[in-house]
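Here is the structure we will look at, set down as structure tokens.
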């Protein structure tokens, strides 16, 4: 943590000019200004596309959230912020959450048509500081809490500068949001309150958490992240355990849970690894060289699709044991992929949303 702070400090020192202060003062206007309606929203930068209950949702820059029932015709939602939004999740057909830059958490109770802000990064440090100061006072012999107090003080100094990358709900009211520098919050009341749970996660280096995968029918979830981070979270026990046996120290940007119960991780330099015993042993998955793997989806027939940021599309029909490249091209960089209707795939990236038919 000391090295990380030193590097951040050097960067901040270089930026401390009158202009930098002006930009900083305006930086959080995005949390107070609504997204601007745009006919080009579906062709603008898209970070995530997800399907829930037969509806497709896309999140993008400047507060864009779109929804569609066919993956072709998109309607822009009413969003109260202009923060870039990185992920979305619906626990029921009506109740949904979206997260993104500036630590923002949004909530919808009408199936994604309109949204309200539940939380933002300006609260993260101040509420976390009060929380861990209380725990430290109640448990004076616990050496972890002073460490957490220091981290929250640092968060206050930095302001609302940390993005939330993922949101995952386990029930209609119980869920987690995860992000940069190990940020993780839990709610048990549908987002009315968000609780710090860093002390329950074995992420002592505060590595970024990029993705979440869940095995069907289980309350455990698998986290992938920076520097080879792989963790198993237990929604019932409300804790997360780091797995030390991952054979690679590069970042894992995407995680997929397969039909047979395996977990497949993809990340930097196109590297892909698979475990079928929850991290006790690993195998590197054979595939052609590609750019970094940035997202994945599991199709209804069990096939797994991974995408590279440079536009590669790979598919596995053997539960993630091997991948072959699909002769499809979006002609653009890819940030996200989702299974679309009628055998199609939906892609998102700098060029917006694209829909292609997957060969059978």
| query | Once the Cα atoms of region 287-349 are picked out, what are the Rg and Dmax in Å? | reply | 10.7, 30
| remark: Using alpha-carbon positions, the gyration tensor of region 115-179 gives root eigenvalues a ≥ b ≥ c; with a/c under 1.5 called rounded, otherwise prolate if a/b exceeds b/c, else oblate, the class is oblate
| Taking Cα centroids, how far is region 295-360 from region 184-216 in Å? | 28 Å
| task | Rank the residues 296, 280 as a footprinting-exposure proxy: fewest other Cβ atoms within 10 Å of their Cβ go first. | result | 280, 296
| query | Taking region 169-324 as the region of interest, what is the percent of Cα-Cα pairs per 10 angstrom bin, listed from the shortest bin to the one with the maximum distance? | reply | 11, 42, 34, 12, 1
| remark: Gyration tensor (Cα only) of region 239-360 to equivalent ellipsoid, semi-axes in Å sorted down, yields 24, 16, 13
| Anisotropy class of region 44-129 from Cα gyration tensor, a/c 1.5 cut | prolate
| message | Rounded to the nearest 5, what % of DSSP beta bridges with both residues in the chain are antiparallel? | response | 100 percent
| query | Normalized C-alpha radius of gyration of the chain, against 2.2 N^0.38 Å? | reply | 0.97
| query | Between residue 123 and residue 357, what is the spin-label point distance in nm, taking each point 7 Å from the Cα along the Cα→C-beta axis? | reply | 4.7 nm
| field | Cα-based Rg and Dmax for region 190-247, where Dmax is the largest Cα-Cα distance (Å) | value | 11.9, 40
| Projected-area mean, region 46-200, by convex hull of Cα positions, square nanometres | 8.7 nm²
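Every number here is computed from the coordinates shown, using simple stated rules; none is lab data. On a predicted model such as this, the values are computed, not experimentally measured, just so you know. In this analysis, Cβ positions are derived from the backbone assuming ideal geometry, glycine residues included, and neighbour counts consider all displayed protein chains.
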